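To start, the structure itself, in structure tokens.
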């Protein structure tokens, strides 16, 4: 006979959150050409709405040992507890043509990112390669869609940057590691090199950080020239996963509720014979945090 077994577990949820205020989730940097070798920068910070850290300005490195102040201009609203904050600064003129790396760095990455160990201690950094060449013409970086526009279909999380380039350059997309000494690239993630669409099939609930790079190639006299690139750092928040298939090959029906859970939850499964075993609980980093022995005796 089949017997329904209920197992009630209580676990201690351990958080790595520190007492410091860490609030930055993602960053986009847009560089616009004003005229000649003169450029202007715009920065978008995606931050937690709580804590509401007052950040009236940020610092940008133009790649010539020259820091510029970008001032807060507006906040476009809160979506799912995430603020989109815009910054802009004065124009900057380069002394001559050449290769320059524009960068923004901050030390306030959020805590508890699943694929960055001790993420609250890790910086966040994005760069823009700016190639100044009068023969090729000067460059505007492509604009991208909001990082909050992530589509969810069952267990597939998709983001499309919908990148548009003012100069009409050809765009090439690739995934890159986030700027961190303890970054772990998520499994089951891919990017379309031509459209930039990112597809992610997470195996665990949690917040994941990913980064991608947009290369720009300019067509001139029948030949493509590399004209610059920009990187983007963004989160993908996985709040739930539909379907649990671990026991499918053994024809065992399993359910967990509530799912997700931070403390107490119930595991329900069906057995057709007496079983002895154990249930192992892991966190989103794959670390075992509890093992519970299970002994089920079926009676008629």
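The values are calculated or read from the model by the stated rules, or taken from the named source; none is laboratory data. Note that this is a predicted model, so its numbers are computed, not measured. Here the Cβ is made from the backbone with ideal geometry for all residues, glycine too, and neighbour counts use every protein chain on show.
Values computed for the structure shown
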quantity: Search result, residues across segment 162-205 that are over 13 Å from the mean Cα position of the chain (by Cα) and closer than 22 Å to residue 81 by Cβ; calculated: 204, 205
quantity: Among residues of segment 1-28, those that are part of a strand (DSSP E or B) and at pLDDT 50 or above, counted; calculated: 5
quantity: Residue check for residue 208: farther than 18 Å from residue 164 by Cα, touching a residue at least 60 places away in the same chain (Cβ under 8 Å) and over 14 Å from the mean Cα position of the chain (by Cα); calculated: no
quantity: Selected residue [modelled with pLDDT under 65 and surrounded by 14 or more Cβ atoms within 10 Å (Cβ to Cβ)] from 297, 241, 254; calculated: 254
quantity: Among residues of segment 72-96, those that are closer than 14 Å to residue 44 by Cα, surrounded by 13 or more Cβ atoms within 10 Å (Cβ to Cβ) and either modelled with pLDDT of 95 or more or touching a strand residue (DSSP E or B) at 6+ places or on another chain (Cβ under 8 Å) (or both), counted; calculated: 10
quantity: Which listed residue is under 20 Å from residue 28 (Cα atoms) and assigned to a loop (DSSP other than H, G, I, E, B), from 212, 208, 179, 157; calculated: 179
quantity: Sole exception among (1) touching a strand residue (DSSP E or B) at 6+ places or on another chain (Cβ under 7 Å); (2) under 22 Å from residue 58 (Cβ atoms); (3) loosely packed, with under 14 Cβ neighbours inside 10 Å for residue 99, by number; calculated: (2)
quantity: Test for residue 36: is it more than 19 Å from residue 234 (Cα to Cα), surrounded by fewer than 16 Cβ atoms within 10 Å (Cβ to Cβ) and touching a residue at least 60 places away in the same chain (Cβ under 8 Å); calculated: yes
quantity: Segment 104-131: number of residues that are crowded, with 18+ Cβ neighbours inside 10 Å, out of contact with any strand residue (DSSP E or B) (no Cβ under 6 Å at 6 or more places or on another chain) and not in a loop (DSSP other than H, G, I, E, B); calculated: 1
quantity: Odd one out for residue 148, checked against (1) closer than 23 Å to residue 44 by Cα; (2) under 17 Å from the mean Cα position of the chain (by Cα); (3) surrounded by fewer than 16 Cβ atoms within 10 Å (Cβ to Cβ); (4) in contact (Cβ under 8 Å) with a residue 12 or more places away in the chain; calculated: (3)
quantity: Unmet requirement for residue 185, which otherwise passes all of (1) surrounded by 16 or more Cβ atoms within 10 Å (Cβ to Cβ); (2) modelled with pLDDT under 95; calculated: (1)
quantity: Tabulated pairs, segment 45-59, first farther than 16 Å from residue 207 by Cβ, second loosely packed, with under 11 Cβ neighbours inside 10 Å, C-beta under 8 angstrom, 6+ apart or interchain; calculated: 59/67
quantity: Enumeration of residues in segment 64-105 that are within 18 Å of residue 138 (Cβ to Cβ) and within 25 Å of the chain's Cα centre (by Cα); calculated: 101, 102
